[in-house]
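Taking it in order: structure first as structure tokens, then the write-up.
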Amino acid sequence: MTEASKTYPVQAEFAAKANLTPEKYREMYAASIADPEAFWSEHGKRLDWIKPYTIAKDVSWEASDLHVKWFADGELNVSANCIDRHLATRGDKPAFIWEGDDPADSHTVTYKQLHGAVCKFANVLKKLGVKKGDRVTIYMPMILEATYAMLACARIGAIHSIVFGGFSPEALAGRIVDCESEVLITADEGVRGGRKVPLKVNADAAAKIAKGMVKKMLVVRRTGAEVAMEEGRDVWLDEIGATVSADCPPEPMKATDPLFILYTSGSTGKPKGVLHGTGGYLVWAAMTHEYVFDLKEDDVFWCSADVGWVTGHTYIVYGPLANGATSVLFEGIPTYPDASRFWQACDKHQVTIFYTAPTAIRALMREGSGPVEKASRKSIRLLGTVGEPINPEAWEWYYHVVGEARCPIVDTWWQTETGGTMIVPLPGATDMKPGAGSHPFFGIQLELVDAEGQRLDGAADGNLLVTDSWPGQMQTVYGDHDRFLETYFSAYPGKYFTGDGCRRDEDGFYWITGRVDDVINVSGHRMGTAEVESALVSHDAVAEAAVVGYPHDVKGQGIYAYVTVRQGVVADEDLRRSLVQHVRAEIGPIASPDLIQFAPGLPKTRSGKIMRRILRKIAENEFSNLGDTSTLADPEVVHDLVENRQNRG
Ligand code: 6R9
């Protein structure tokens with residue numbers, strides 16, 4: 001048996017109290033596939049409906065009639081489901097525990113307090129002129145007001161679009177313009193790892209690039225830094241907040257009305273605005289949160305993602321709150337003030353379920369077990385990971401060192417597009433194999449196909465498809481329904497193509513092997529190679545650029561850029577630094593190339609197509625087997641690329 005196929009049964013002590021058993025999982029899964037309409041009609045009832053639905057699933061993936069409508073004739077309000085309906089029974093229960101960047105800084109908000117804060121925030125938005133259906137961009141640090149802003153939008157039926165606070169003004173502006181968002185919510189500054197992030201300065205720069213699109217900017221005071229306020233456009237939340245009431249009835253929304261847009265990278269072109277609806281998304285967020293994390297009433301749940309990513313949307317805010325759970329919101333980073341931070345905070349707040357990304361686990365693993373053992377971690381009973389494949393070494397460390405072999409690990413595979421978890425070893429229901437996504441969640445039907453689209457049965461390795469809809473499925477690409485069809489349903493008509501490769505082993509466990517398109521996964525963040533390339537070629541010195549991923553110890557994948565400079569330009573260290581700076585300014589620090597190779601030419605076919613396969617191999621330091629190079633226009637180019645490769649690890 002190889003290390004990678006080791007199997008761990010769920011611990012008996014955990015299994016005895018788990019919400020699921022192997023039998024119950026099998027039974028529910030079978031029911032969800034045999035009659036999706038009946039299954040989801042039943043499980044949709046977990047929400048409070050203003051007007052009950054009569055149909056659960058109204059979906060077509062046919063090119064001529066592509067539509068995704070769950071609970072189509074029902075009406076509900078997401079903020080009422082996340083807040084109001086808990087007030088009678090959980091009014092004094094903490095909804096959020098905020099853990100500041102500074103370990104001395106933390107704050108609890110009960111459901112009752114959350115209700116007041118969100119209603120006020122909603123009235124502020126109304127006062128700024130925001131109406132149902134309007135897009136509101138949120139560019140915020142990890143502070144409570146970010147969650148109030150989301151829930152306030154949901155309360156009045158506005159569509160939020162959160163842009164991760166690490167994105168540059170250029171990237172922020174692109175997203176504001178794409179969805180024509182006239183209101184931008186930001187803070188004076190953010191704080192991460194002891195350092196200030198100039199959010200308002202960036203927001204001002206973005207508003208300028210967006211040329212008059214931003215009509216109102218709502219600014220939250222976080223650090224108290226002196227920032228410029230533009231007369232007539234900018235308002236402080238605390239000032240305008242003092243003028244509005246804390247009474248704001250929730251707007252009845254159709255289940256298919258949009259809840260949020262979240263931009264994500266694809267293999268081509270600009271990031272696309274993934275649009276999620278109201279009813280289906282919330283059912284999926286709540287149900288996956290409950291089953292994936294074996295949720296109990298007194299759990300303290302901590303998802304360490306940023307609200308700027310889908311994981312933060314679904315598992316910091318919507319899933320936990322829809323379930324009336326207590327959710328931790330962390331402003332800082334895992335290594336500040338030191339590498340014990342996560343575990344110290346788990347002790348401090350008695351966290352019972354902890355959910356993070358493999359890249360964080362690998363970074364902490366480097367520091368050894370000392371920082372982990374400084375904390376007791378006794379409160380933790382379940383661990384989770386998300387964002388990229390977890391290598392078995394990191395899994396074992398997480399399991400044995402962090403979880404002391406007491407806690408199951410749920411490795412959750414999903415995407416911005418899927419709204420919530422799709423493949424997971426449900427705790428109590430299945431054994432665990434380190435690195436395996438394992439089994440489909442209720443309602444999820446998977447298929448593996450080869451490049452020609454032939455279905456692969458039994459143990460096999462292929463492209464991962466989903467063959468039928470689920471409530472959390474995105475509805476469309478905002479403003480571009482054709483791109484929705486083209487991106488997900490054109491490679492294998494009538495089926496959803498995930499963009500991931502996957503292996504099914506002899507026991508029927510699914511193992512995600514990574515992206516098979518031109519998307520790379522850097523520290524769990526999705527990055528389109530085309531985006532980085534277009535940032536590079538917008539630099540004066542660059543004639544041509546090609547970007548690929550390569551294996552990176554901590555980040556999972558690093559960004560490797562091949563750059564051909566213009567005639568007369570000196571390709572030296574200064575230029576390297578300038579290119580990195582340029583990409584940071586165009587997209588943000590997460591897109592910084594790790595390695596840049598100056599290349600006099602790129603390998604191209606006679607028809608002028610860059611042969612990425614060769615570039616990937618060289619970046620992986622695997623140049624001994626470059627495959628067929630006979631179609632290259634100039635085979636000499638490859639020799640130079642290999643000679644001057646940057647990854648010799
Ligand atoms: C939730 C999220 C989606 C892509 C996805 C896949 C990778 C996410 C994973 C995983 C292996 C896991 N991915 N979770 N790969 N195992 N548990 O990350 O959404 O940012 O849209 O990224 O991330 O490649 O296609 P998103």
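Every number in this text was worked out from the coordinates using simple rules, so none of it is lab data. Just so it is clear, the structure is predicted and the values come from calculations on it, not from any experiment. FYI the Cβ positions are ideal-geometry reconstructions off the backbone, even for glycines, and counts take in every protein chain you see.
Among the chymotrypsin sites (Phe, Trp or Tyr not before Pro) found in the stretch 370-470, not one is both in a DSSP coil and sparsely packed, with 11 or fewer other Cβ atoms within 10 Å of its Cβ.
A dipole drawn for the chain from +1 and -1 charges on Cβ atoms has a positive end, and of 405, 68, 446 the residue lying farthest that way is 68. From the residues 136, 167, 194, which one has its Cα farthest along the dipole of the stretch 136-220 in the positive direction, the dipole being from +1 and -1 charges on Cβ of Lys/Arg and Asp/Glu about the Cα centre? Of the listed residues, the answer is 194.
Among bridges DSSP assigns within the chain, what percent are antiparallel (round to 5)?
Working: 62 of 102 bridges.
Here the antiparallel bridges make up roughly 60 percent for the chain.
Of the listed pairs 17/296; 93/296; 112/254, which have alpha-carbon separations greater than 19 Å here?
On the way: 17/296 10 Å; 93/296 14 Å; 112/254 26 Å.
Those over the limit are 112/254.
With r as the distance between the Cβ atoms of residue 616 and residue 405 and R0 = 56 Å, compute the FRET efficiency 1/(1 + (r/R0)^6) and round to 0.05. Between residue 405 and residue 616 the formula returns 0.90. Remark: the stretch 296-309, residue by residue, has Karplus-estimated 3J(HN,Hα) of 10, 4, 9, 5, 10, 9, 10, 9, 8, 6, 9, 5, x, 10 Hz, where x stands for each Gly or Pro and the curve is 6.51 cos²θ - 1.76 cosθ + 1.60 at θ = phi - 60°. When cysteine pairs in the chain are screened for C-beta atoms closer than 4.7 angstrom, the residues that find no partner are 82, 153, 179, 303, 346, 407, 502. Within the stretch 513-605, list the trypsin sites (Lys or Arg not before Pro) lying in a DSSP loop whose Cβ has at most 14 other Cβ atoms in a 10 Å radius. When the trypsin sites (Lys or Arg not before Pro) of the stretch 513-605 are filtered for loop state and at most 14 Cβ neighbours within 10 Å, 566 remain. Principal axis extents of the Cα atoms in the stretch 523-644, from largest to smallest and rounded to whole angstrom, are 39, 36, 24.
What GluC sites (Glu not before Pro) in the stretch 161-238 are in a loop by DSSP, with at most 12 other Cβ atoms within 10 Å of the Cβ?
Numbers: sites: 170, 180, 182, 189, 226, 230, 231; in loops: 180, 182, 189, 226, 230, 231.
For GluC sites (Glu not before Pro) across the stretch 161-238 that sit outside H, G, I, E and B with at most 12 neighbouring Cβ atoms in 10 Å, the list reads 180, 226, 230, 231.
Protection proxy ranking of 157-163, 252-258, 617-623, 406-412, by the mean of other Cβ atoms within 10 Å over each peptide's residues and highest first, is 157-163, 406-412, 252-258, 617-623.
Taken as Cα centroids, the stretch 623-649 and the stretch 380-418 sit 37 Å apart, rounded to the nearest whole angstrom.
DSSP beta bridges confined to the stretch 240-339 are antiparallel in about 65 percent of cases.
Reported to two decimal places, what Rg/Rh ratio describes the stretch 365-506 when computed on Cα atoms with Rh from the Kirkwood expression?
Values: Rg = 17.8 Å, Rh = 17.0 Å.
Answer for the stretch 365-506: 1.05.
So what is the 222 nm mean residue ellipticity for the chain from helices alone, if each DSSP H run of at least 4 adds -39500 (n - 2.57) and you divide by all residues, rounding to the nearest 500 deg cm²/dmol? Could you put the intermediate results ahead of the total?
Values: 21 runs with 185 residues, N = 649.
After summing the helix terms and dividing by residue count, I get -8000 deg cm²/dmol.
Taking the Cα centre of the stretch 215-361 as origin and charging only Cβ (+1 Lys, Arg; -1 Asp, Glu), how large is the dipole, in debye to the nearest 20? Mind showing how you got there, number by number?
Numbers: 11 positive and 18 negative charges, 112 e Å.
For this selection, approximately 540 debye.
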